[in-house]
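Taken together, the values in this text are just the output of simple stated rules run on the coordinates, not laboratory data. Computed from a predicted model, the values in this text were never measured in an experiment. Every residue, glycine among them, receives a Cβ derived from its backbone with ideal geometry; neighbour counts consider all protein chains shown.
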Amino acid sequence: MAEDLVLKKCDLELEVNGHDHHTADLCRERLVVRRGQPFRLTLHFEGRSYEASMDSLTFSAVTGPAPSKEAGTKARFPLSNAVEEGAWAAAVLDQQDGVVSLQLSTPASAPVGLYRLSLEASTGYQGSSFVLGHFTLLFNTWCPADAVYLDSEEERKEYVLTQQGFIYQGSVKCIKSIPWNFGQFEDGILDICLTLLDMNPKFLKDACRDCSRRSSPVYMGRVVSAMVNCNDDQGVLLGRWDNDYKDGVSPMFWIGSVDILRRWKTSGCQRVKYGQCWVFAAVACTVLRCLGIPTRVVTNFNSAHDQNSNLLIEYVYNKYGEIQRDKSEMIWNYHCWAESWMSRPDLQPGYEGWQALDPTPQEKSEGTYCCGPVPVRAIKEGNLSTKYDAPFVFAEVNADVVNWILQDDGSMCKSTNNSQTVGMKISTKSVGRDEREDITHTYKYPEGSPEEREAFKRANHLNKQTDKVETGVAMRIRVGQSMNMGSDFDVFAHITNNTAESHTCRLLLHARTVSYNGVLGPECGTKDLLNLSLEPLSEKSIPLRILYEKYCECLTESNLIKVRGLLVEPDANSYLLAERDIYLENPEIKIRILGEPKQNRKLVAEASLRNPLPMPLLGCTFTMEGAGLTEEQKIVDVPDSVEAGEEVKVRVNLLPRHVGRHKLVVNFESDKLKAVKGFRNIIIGPA
């Protein structure tokens, strides 16, 4: 009788598999592979070697707390002679004495998650079992059979492998790029993402079904969208928009997802305070990229929040140009969400590709605060019955804005022009470059085109199809030189009279600080001209001076001031409204790298900033982080005040772990100057 096979050890070939599966950063301690692609392992037997003629080897791979073959969470498959791809299979690659090299294959539709791999070895009627180890299975954008397949290698690198990027903020006339450390391959992040999946209410209600449905990126997108906010569950982030963040962290302070996710995990999955739209979107991007789903963060400027789905945002002003009623429906200066790339077998053909996912808690979707995934193409075509949440996203980029002026007798008069267009400069980071890409054309046809009209008909967007009234008098808000934080500056109401008649008007100009979500703060500048004469076929520019001493105490961390002009012609009962959001530029953070940038060799990063304000800065703090450059955030407090015009410098030590291009992200905070961001690209060479 032949003696039993005895397994001495199983080598999961972390280095080889990590390289082949683009998971090297995740494979330092355990095996992480992508589905639909073979991986290798080596069995070392003790005593005698494996003999195909007499030994039978059967493998088992299971995931979830209650694995079953029917749910697709349990697979048993024998060792075979031929290499088979696209299914659970195992084949011999090489055998020398007691060492057997194997190739294991997984289906491109297998549920993602943590698996236990075991082996049953039998010789005749005798048998024994061995646990070979655990491995994590991810989505595979390199596999043509996977639902997240992308055929561009550059896009695969950008949307799955790149750990740094930019998020776009500011205003439609002054778009600012904010550096962000996604850090999806940093230590512990994959485990945190798997914990997030296991904390979701669908798993807690029916773990077997939830684990089975993890094969679908559509399902996973919905789960992640819901779990990044904490409105229905033990999700990651608590949103707050009232500028009172004393018991947490201001949303503007964050410079990456890693610190947020680690805080959530170390606190026992307690919500992290606080997030706003770009933070929710960026954390979702980190989680989805970590799981293998190609994802990017997008920003929609002049984004509508349409609660009643009538595709109309209505504002009411009094005759002085002051807004009259608090409305939850409003135009956000910008709004960020995520897009993920996937097929949509649940929809009609043609809706594969980029899908909008919005984790910011705004409206409920099927009873839960999440949004999407909805095909971007469905938004463009106006097909609002498409799953999920198409009407809400369509309104964000297409709603009409109507401005009403409340008369003394209670009646309403419509403003004859509106300078605000919803859904502009929709932006994301370019592939492979630190530049902005405008993707508005993927959401909208050109304004006024026949295709746009057809899309609006499909969406029943009749408001948008009415012709805009053109008048002989026009007004725009103009700015002069670039406006820097701490400076006094002028803005102008530029008025054009294209008629052959004179007009006598009243001009009211107001400047108020504003949060990025459209909530107005105190007034910081005003002008009221009672008898403004407009000559025929003429132009006039009326200046409004805005002083630092007026806006310094009430400016939010968004650095935004809204300037609004109301031109009233009493004789014609005519009202002309114009407005513009102005972004105040923060000072530059300069970053120098001291030392030779080589792998595993200490580097010094020096960050400096010059105080642009006419007063000292107190409580100054620099925070730095970068995937592959820092194990955790580096925080440096500046003990002394920084006088007006004075430069402040700090230094931190870096220890680069990986060769390649990395980004060091820096945030500066003080009592008067907040959320100043900077970055430096660093190319790390081999040691």
### Overall Cα dimensions of the range 77-132 - principal axes, largest extent first, Å
34, 22, 18
### Query
For Arg209, what charge total do you get from the other residues with a beta carbon under 12 Å from its beta carbon, if Lys and Arg give +1 and Asp and Glu give -1?
+1
### Summary
The helix 189-198 Cα axis meets the longest alpha-carbon principal axis of the chain at an angle in degrees, between 0 and 90 and rounded to 10, of 90 degrees
### Query
Amide H neighbours of Ala147 under 5 Å, counting only residues 5+ apart in sequence or on other chains, H built in-plane at 1.01 Å?
none
### Query
Does the range 10-71 come out rounded, prolate or oblate by the C-alpha gyration tensor, with a ≥ b ≥ c the root eigenvalues, rounded set by a/c under 1.5 and, if not, prolate when a/b is larger than b/c and oblate if not?
oblate
### Task
Normalising by the residue count of the range 183-236, find the relative contact order in percent from Cα pairs under 8 Å and 6+ residues apart.
29 percent
### Query
According to a simple spin-label model (label point 7 Å from Cα along Cα-to-Cβ), what is the distance in nm between Arg453 and Ala687?
6.8 nm
#### Entry: Residue among Ala75, Ala474, Ile323 farthest towards the positive dipole end of the chain, charges placed on Cβ
Ala75
### Query
How high is the relative contact order of the range 546-666, in percent, with contacts defined as C-alpha pairs under 8 Å that are six or more residues apart?
23 percent
## Note on the structure
With no solvent term and unit scatterers on the alpha-carbon positions of the range 613-680, Debye gives log₁₀ I(q)/I(0) at q = 0.26 Å⁻¹ of -1.15
### Query
Taking only Cα atoms, what is the 0 to 90° angle, nearest 10, from helix 217-228's long axis to the longest principal axis of the chain?
60 degrees
### Query
Karplus couplings for the range 50-57 from phi (6.51 cos²θ - 1.76 cosθ + 1.60, θ = phi - 60°), rounded to Hz, Gly and Pro as x?
5, 10, 4, 6, 10, 9, 10, 10
### Task
Can you pull the one-decimal nm distance between simple spin-label points at Ala91 and Arg545, each 7 Å off the Cα toward Cβ?
8.2 nm
### Task
Over every pair of different alpha-carbon atoms in the range 569-614, take the mean of 1/r and invert it; report that Kirkwood radius in Å.
16.2 Å
### Summary
Here P(r) for the range 51-144, Cα-Cα distances in 10 Å bins, as whole percents, is 14, 46, 31, 8, 0
### Task
Collect residues whose amide H, placed 1.01 Å from N in the peptide plane, falls under 5 Å from the amide H of Asn484; neighbours closer than 5 in sequence don't count.
Glu585
### Message
For the range 94-169, take every pair of Cα atoms, bin their distances at 5 Å starting from 0, and report each bin as a whole percent.
### Response
3, 10, 13, 15, 16, 13, 11, 8, 5, 3, 2, 1, 0, 0
### Message
Is the C-alpha gyration tensor of the range 364-462 telling us rounded, prolate or oblate? Criteria: a/c under 1.5 is rounded; beyond that, a/b larger than b/c is prolate, otherwise oblate.
### Response
prolate
### Query
Of the cross-linked pairs Lys387/Lys457; Lys202/Lys444; Lys246/Lys677; Lys173/Lys444; Lys265/Lys634, which ones have a Cα-Cα span greater than 23 Å in the structure shown?
Lys202/Lys444
### Message
Need the C-alpha centroid separation for the range 308-378 versus the range 10-85, integer Å.
### Response
43 Å
### Task
List every residue whose amide H lies under 5 Å from the amide H of Cys370, counting only residues 5 or more places away in sequence or on a different chain, with H placed 1.01 Å from N in the peptide plane.
Ser365
### Query
Taking K and R as +1 and D and E as -1, what net charge do the other residues with C-beta under 15 Å from the C-beta of Leu654 add up to?
+4
### Summary
So the FRET efficiency between Asn653 and Glu15, C-beta based with R0 = 25 Å and rounded to 0.05, is 0.35
### Query
How large is the Kirkwood hydrodynamic radius of the range 207-262, in angstrom, based on all distinct alpha carbon pairs?
13.4 Å
### Task
Restricting things to alpha carbons, tell me how big the range 487-547 is in terms of Rg and Dmax, in Å.
14.3, 41
### Message
Through the Karplus equation 6.51 cos²θ - 1.76 cosθ + 1.60, θ set to phi - 60°, convert the phi angles of the range 636-652 into ³J(HN,Hα) values in whole Hz; use x for Gly and Pro.
### Response
10, 8, 9, x, 9, 6, 10, 5, 4, x, 7, 9, 10, 10, 9, 10, 9
#### Entry: Cα gyration tensor shape of the chain, rounded if a/c is under 1.5, else prolate or oblate by comparing a/b with b/c
prolate
## Note on the structure
Placing each pseudo-label 7 Å from Cα in the direction of the beta carbon, Ala207 and Lys527 end up separated by a distance in nanometres of 6.8 nm
### Summary
Per the rule of 0.36 nm per residue minus the C-alpha distance, extending Ser49 to Glu643 adds in nm 206.2 nm
### Message
Once the cut-off is 27 Å, how many percent of the Cα-Cα pairs in the range 188-331 end up in the long-distance tail?
### Response
33 percent
#### Entry: Charge sum, other residues only, whose C-beta stays under 12 Å from Ala687's C-beta, Lys/Arg counted +1 and Asp/Glu -1
+3
### Task
State to the nearest 20 debye the size of the charge dipole of the range 528-649 about its Cα centre, where the only charges are +1 on K and R beta carbons and -1 on D and E beta carbons.
480 debye
#### Entry: Normalised contact order of the chain, rounded percent, pairs of Cα under 8 Å and 6 or more residues apart
9 percent
### Query
What are the ³J(HN,Hα) values, in whole Hz, obtained from phi via the Karplus relation 6.51 cos²θ - 1.76 cosθ + 1.60 with θ = phi - 60°, for each residue of the range 100-117 in sequence order, with x given for Gly and Pro?
10, 8, 10, 10, 10, 10, 10, x, 6, 10, 5, x, 7, x, 8, 10, 9, 10
### Query
Which of the peptides 3-9, 392-398, 672-678, 518-524 is most tightly packed, and how do the rest follow, judged by the mean count of other Cβ atoms within 10 Å per residue?
392-398, 672-678, 518-524, 3-9
## Note on the structure
Rounded to the nearest 0.05, FRET efficiency between Thr266 and Asp232 (Cβ-Cβ, R0 30 Å) equals 0.85
### Message
Could you tell me how far the Cα centroid of the range 519-569 sits from the Cα centroid of the range 205-252, in Å?
### Response
40 Å
### Task
Could you pull out the pairs from Lys425/Lys550; Lys157/Lys429; Lys157/Lys598; Lys176/Lys429 whose alpha carbons sit more than 19 Å apart here?
Lys425/Lys550; Lys157/Lys598
